[in-house]
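Data block below; observations after.
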Amino acid sequence: MIYKLSNIASIERIETFTKLPFKYPYLHKPKRKINGLKEQTVCIINMENPNQIMQAIWGLLPQNYGDNWNKFQHIKQTLHINKEDIKNNILFKEALYLRRCLFIVTGFYIHKVINGVVENYLVEKDNQEPFYLAGLYNITNDGFYTCSVINTKLIGKLNDFNNLYQVMPIQIPEIFKNMWLNKKSEIIDINYLMSTPYITNLKVQRIASKKENV
């Protein structure tokens, strides 16, 4: 998963899943494919306000940044960060301690080259239920939230469907939601969550390309 997420859940379904209200419900639009290479918003829950669902721009900008999203992303793409790289990256290191968030998604995309053609696969739950991905966020100087997904090494059955990027997003189960968002959580516990990836109840389906008229 590098550039594309999926969230086809309605407002009502997300609020039922999270047991939380949207702060700005009119901003949410279900999308089969959220292309991070364009400026896109995603649904998150963050440490600053863990009792509401908010929209954030996917692609982390520096804390208190005051310039254009596109300008920064052309210099450094920050849709995701590998967990091993966080402690050595000034853009992400502070956020791990102070500004963790959870992405709310119904799926993410992985890719594989087969016979010289890139095949796309969507990873989601059997019932297309929402689930959480570990993330970090910053706030720009004009109050916009920007965020990044945390990746880990690809494991399990997903290895069979991905040979372009050997990473996958870290899924945070419901039982660890509060630990991830709690300001008082010890960093040793946060590191444990990142070192124990969960990929349960996920299915993989091929997504036909446009040239196949689908």
Task: Flag for VAL123 being among the hydrophobic types (A, V, I, L, M, F, W, C), outside any helix (DSSP H, G or I), more than 16 Å from the chain's Cα centre (by Cα) and closer than 18 Å to LYS4 by Cα - done: no
- [ ] Pick out the one residue from LYS87, LYS83 that is basic (Lys, Arg), touching a helix residue (DSSP H, G or I) at 6+ places or on another chain (Cβ under 8 Å) and surrounded by fewer than 17 Cβ atoms within 10 Å (Cβ to Cβ).
- [x] LYS87
Open item on the list: Go through (1) over 30 Å from ASN68 (Cβ atoms); (2) part of a strand (DSSP E or B) for GLN128 and report which single condition fails.
Closed with: (2)
TODO: Would you point out the residue of segment 153-172, among those that are of a type in the set (Val, Ile, Thr) and modelled with pLDDT of 90 or more, that is surrounded by the most Cβ atoms within 10 Å (Cβ to Cβ)?
DONE: ILE172
Open item on the list: Looking at segment 16-35, I want the residues that are under 23 Å from PRO50 (Cβ atoms) and open to solvent by 80 Å² or more (accessible area, probe 1.4 Å) and have a partner that is part of a loop (DSSP other than H, G, I, E, B) and not hydrophobic (A, V, I, L, M, F, W, C) with Cβ atoms under 6 Å, at least 6 apart or on another chain. Which pairs are those?
Closed with: LYS23/GLN52
Open item on the list: Exactly one condition in (1) in contact with a Gly (Cβ under 6 Å, 6 or more places away or on another chain); (2) open to solvent by 10 Å² or more (accessible area, probe 1.4 Å); (3) assigned to a strand (DSSP E or B) is false for ASN141; which is it?
Closed with: (3)
- [ ] Read through the list (1) without any contact (Cβ under 8 Å) to a residue 40 or more places away in the chain; (2) open to solvent by less than 20 Å² (accessible area, probe 1.4 Å), then give the number of the only condition that ILE44 fails.
- [x] (1)
Task: Only one of GLN63, GLN52 that is open to solvent by 40 Å² or more (accessible area, probe 1.4 Å), farther than 25 Å from THR196 by Cβ and in contact (Cβ under 8 Å) with a residue 60 or more places away in the chain - done: GLN63
TODO: Consider only pairs whose beta carbons are under 7 Å apart and that are at least six residues apart or on different chains; among these, list those whose first residue lies in segment 118-139 and is on the phi > 0 side of the Ramachandran plot and whose second residue is open to solvent by 20 Å² or more (accessible area, probe 1.4 Å).
DONE: GLN128/ILE8
Open item on the list: Checking the structure you have, find out if any residue of segment 88-106 is over 19 Å from LEU5 (Cα atoms), of a type in the set (Gly, Ala, Ser) and at pLDDT 95 or above.
Closed with: yes
Open item on the list: Restricting to segment 179-208, name every residue that is without any contact (Cβ under 8 Å) to a residue 40 or more places away in the chain, part of a helix (DSSP H, G or I) and not hydrophobic (A, V, I, L, M, F, W, C).
Closed with: ASP189, ASN191, TYR192
Open item on the list: Residue under question is PHE108, and the condition is that it be touching a Lys or Arg at 6+ places or on another chain (Cβ under 8 Å), farther than 19 Å from ASP160 by Cβ and crowded, with 21+ Cβ neighbours inside 10 Å; does it hold?
Closed with: no
Open item on the list: I'd like the full set of residues that are open to solvent by 80 Å² or more (accessible area, probe 1.4 Å), more than 18 Å from the chain's Cα centre (by Cα) and closer than 21 Å to ASN120 by Cα, limited to segment 173-210.
Closed with: ARG206, LYS210
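The values are calculated or read from the model by the stated rules, or taken from the named source; none is laboratory data. Owing to the predicted nature of the structure, the values given are computational and were not obtained by experimental measurement. Positions of Cβ are generated from backbone atoms using ideal geometry, with glycine treated the same way; all protein chains shown enter the neighbour counts. The area values use the complete protein model at the heavy-atom level, side chains included, leaving out ligands, DNA and RNA. Shrake-Rupley method; radii C 1.70, N 1.55, O 1.52, S 1.80 Å.
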